[in-house]
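Here the structure is laid out as structure tokens; the discussion comes afterwards.
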Amino acid sequence: MFAYYVQLGLRSLRRNPALTALMVMAIGFGVAASMITWSVFRAVSGDPIPDKSTQLFIPQIDGWGPQQNLKGEPPDALNYADAMALMHAHRAVRQTLLYPVRLSVLPEGNRSLPVAARGYAVYGDFFPMFEVPFLYGGGWNAADDESRGAVVVLGAEFNRKLFGDVDSVGREITLGGHLYRIVGVTRQWNPTPRFFDLFSSSGFADAMDFYLPFTRALDLQIASAGSNSCRGKLDLTGWDSWLQGNCVWVTPWVELGSSADVARYRRFLEDYAADQQRAGRFGWAPNVRLRNVAQWLDYQRVVPQESRISLMVSLGFFVICLINTTGLLLAKFMRRAGEIGVRRSLGASRREIYAQYLIEAAMVGLAGGVLGLVFTVLGVSGVGVLFRPQIARLAHVDMSLVGLTMAVAILATLAAAFYPAWRAAQVQPAWQLKSN
Amino acid sequence: MLKMTHLSKVYRTEVVETYALRDFNIDVKEGEFVAVTGPSGSGKTTFLTIAGLLETFSGGEYHLDGIEVSNLNDNARSKIRNEKIGFIFQAFNLIPDLNVFDNIEVPLRYRGMKAAERKQRIMDSLERVGLASRAKHYPAELSGGQQQRVAIARALAGSPRLLLADEPTGNLDTQMARSVLELLEDIHREGATIVMVTHDPELAARAQRNVHIIDGQVVDLSEDPRFHTVHAVDEAHG
């Protein structure tokens, strides 16, 4: 019967092309508006590292106290002393500290012009922890961290910019006036949002150019190119006083394998804070946090407000389109009450009438979905009108969005058709035939 | 074939109850051709729609082909309607968007019949009503008499046990009415049970038996001398 209902649906839709076009356009516009804003929303709200987001944690320690902390919450980064204490304790499967740096780069020793580049100072564990994919070579090891090795990993784009599409592993570049040996080149890698550094970035910045050892960056006194936040007296007379001050600027991450590990690490953080209290460094009770990636993104409210609002507005618009579609379908179906009466008298059950009209509605949804897909593709390419460029460029059309557009269009139209189809199925054949 | 016992049909509103049928009794045997007559508003069409399971009734019993139908759900009623009953309406009630072939196909589709069998039955029934050459025509392209013949072909295609006709010639001129009636008589001679509602005494006179309805009840016309000249009511079934 399905093919028969499809045939009847096509015939019915052709019978009144203006009404059909109106419904298809309502669905098309509604679903496109929703899908365009959804494409942005999913880009900014997705899980940036789905395989490990429940194993990666950011420890927070309140080194500021109840008078100066963030409404009871510890600061979003650590000061140098606390960060190094966590690293030296080595209580996690993997762990890293990181901060952003900006250096000039001389690709071929001193024979070329310097290029400004942005990167991160990290520990070697950074690469396996965050599943950084490599095009050539790999990261560095703990020995390089320990020895403050002059090694560097380049981003794919930066490698192409400096050397073209070649394997540059083993070559040397000058970063901030010092020579570094290239040990790896990553593939295109820029998790969105950039969960691991929300302290210094909005989460939607361009991919980084390079990664160098945290220990070497400290050794060379390379200052943070990111945010820092300070409490108490500031002594900026030298590198050592900066390190010993109460400014937070280092982001720590740890990888923990099991819930028992998480509990143990949380206890370790509390014990550490309690030790600091006993030592007189903290004049307050331990106040620590250990959030995984999802909790951290949620806490940081990474999803831009305009993305949420535009999604809600477009969904509201879609609902209005669907209500209109319901009205149009109701009018269309009830105009055929006489035909329904005839079909019922010839043996159609209510269920069969219901199925016939739902399938007709599904065909409207299908056509609306195709139109919506065209509008979605056009809309996604022009989404920069509504959003900041760094957000807008994240929106893209892929197979999942195509599938979702079609599914939403059809299912939403079916939902809109439930009542009209039900009314059609309730037509009393006797009344219709008597009135004829 | 069709037996209604003490059947009633009440239309209720908040302020009034209207009996369309009251203590209604009728027994139509297999192979009979029964004409149901009565003045406007007497309940003829209500009887027909209840007989065709298009409407429920308020009380009493109704056995159709041996099945008590009062407690059947919509699916079961639809199935019986599809398999056992053929309808012929005064207004033909062809679906205007479907051509003759597709109109006749409708009840066969609901029966889940295979395409080849559907086609065979449709062409057979069109041959029978003399419209085989009009299979691809749309209702609007046919005369009233031809449309009614298509409606009859549609009713016959499913080989129903019972044909219910509601003023089948009401919208036709005399010549077309006569040819439609002759067609019904042919169908009856071949063994079909026909119940026909009509205002037309001439038409009623062609049936085997007349049942007269007044105020929702079957009236025995044999006791009313005014009707003896029109037709004698079958005493056995009165």
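The values are calculated or read from the model by the stated rules, or taken from the named source; none is laboratory data. For clarity, every value in this text was computed on a predicted model and none was experimentally measured. Virtual Cβ from ideal backbone geometry, glycine too; neighbours counted across all protein chains shown. With ligands, DNA and RNA removed, areas are computed over all heavy atoms of the protein, side chains included. Shrake-Rupley method; radii C 1.70, N 1.55, O 1.52, S 1.80 Å.
Some points to look at:
- Hits in the range A:280-300 (condition: more than 25 Å from A:G232 (Cβ to Cβ) and in a helix (DSSP H, G or I)): A:V293, A:A294, A:Q295, A:W296, A:L297, A:D298
- Filtering B:T37, B:T13, B:T45 for residues that are of a type in the set (S, T, N, Q), buried (at least 17 other Cβ atoms within 10 Å of the Cβ) and more than 19 Å from B:G60 (Cβ to Cβ) leaves a single hit, B:T37.
- If you filter the range A:338-380 down to residues that are of a type in the set (K, R) and open to solvent by 30 Å² or more (accessible area, probe 1.4 Å), you find that the one that is nearest to A:Q390 (Cα to Cα) is A:R351.
- Some residue of the range A:317-329 being over 24 Å from A:G403 (Cα atoms), more than 25 Å from the chain's Cα centre (by Cα) and within 14 Å of chain B (Cβ to nearest Cβ): no
- Set side by side, the residues A:L106, A:L154 differ, and just one is crowded, with 22+ Cβ neighbours inside 10 Å and touching a strand residue (DSSP E or B) at 6+ places or on another chain (Cβ under 6 Å), which is A:L154.
- Being under 26 Å from A:S12 (Cβ atoms) and aliphatic (A, V, I, L, M) is a property that does not hold for B:L48.
- Only a single item in (1) assigned by TED's automatic domain parsing to the domain that holds A:W422; (2) surrounded by fewer than 19 Cβ atoms within 10 Å (Cβ to Cβ); (3) of a type outside the set (S, T, Y); (4) in contact (Cβ under 8 Å) with a residue 12 or more places away in the chain is not met by A:I309, and it is number (4).
- Hits in the range A:1-50 (condition: assigned to a helix (DSSP H, G or I), under 21 Å from the mean Cα position of the chain (by Cα) and among the β-branched types (V, I, T)): A:I36, A:T37, A:V40, A:V44
- When the range A:344-386 is limited to residues that are without any contact (Cβ under 8 Å) to a residue 12 or more places away in the chain and within 14 Å of chain B (Cβ to nearest Cβ), the one that is nearest to B:F92 (Cα to Cα) turns out to be A:L346.
- Index of the failed condition, B:A20 passing every other in (1) within 25 Å of B:G145 (Cα to Cα); (2) in contact with a Gly (Cβ under 6 Å, 6 or more places away or on another chain); (3) open to solvent by less than 60 Å² (accessible area, probe 1.4 Å): (1)
- Residues being of a type outside the set (D, E) and either touching a Phe, Trp or Tyr at 6+ places or on another chain (Cβ under 8 Å) or facing chain A (nearest Cβ under 8 Å) (or both) - total across the range B:95-110: 9
- Only one entry of A:S39, A:S34, A:S53 meets the criterion of being open to solvent by less than 50 Å² (accessible area, probe 1.4 Å), under 21 Å from A:R194 (Cβ atoms), among the polar types (S, T, N, Q) and in the same structural domain as A:S314 (by TED's automatic domain parsing), and that entry is A:S39.
- Any hit, the range B:121-136, residues being modelled with pLDDT of 90 or more, within 18 Å of B:D186 (Cα to Cα), among the hydroxyl-bearing types (S, T, Y) and crowded, with 16+ Cβ neighbours inside 10 Å: yes
Per-residue answers, yes or no, for (1) within 18 Å of B:F92 (Cα to Cα); (2) within 13 Å of the chain's Cα centre (by Cα):
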position: B:G170; (1), (2): yes, no
position: B:M176; (1), (2): yes, no
position: B:R189; (1), (2): no, no
position: B:I194; (1), (2): yes, yes
position: B:R206; (1), (2): no, no
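- Evaluated against (1) modelled with pLDDT under 90; (2) in contact with a strand residue (DSSP E or B) (Cβ under 7 Å, 6 or more places away or on another chain); (3) within 14 Å of chain A (Cβ to nearest Cβ), B:N171 falls short on exactly one condition, (2).
- Residue in the range A:414-424 that is under 31 Å from the mean Cα position of the chain (by Cα), more than 14 Å from every other protein chain (Cβ to nearest Cβ) and open to solvent by 20 Å² or more (accessible area, probe 1.4 Å) present: yes
- Options A:R301, A:R289; residue that is in contact (Cβ under 8 Å) with a residue 24 or more places away in the chain and closer than 25 Å to A:T54 by Cα: A:R289
- Of all the listed residues (A:R171, A:R194, A:R148), the sole one being charged (D, E, K, R) and on the phi > 0 side of the Ramachandran plot is A:R148.
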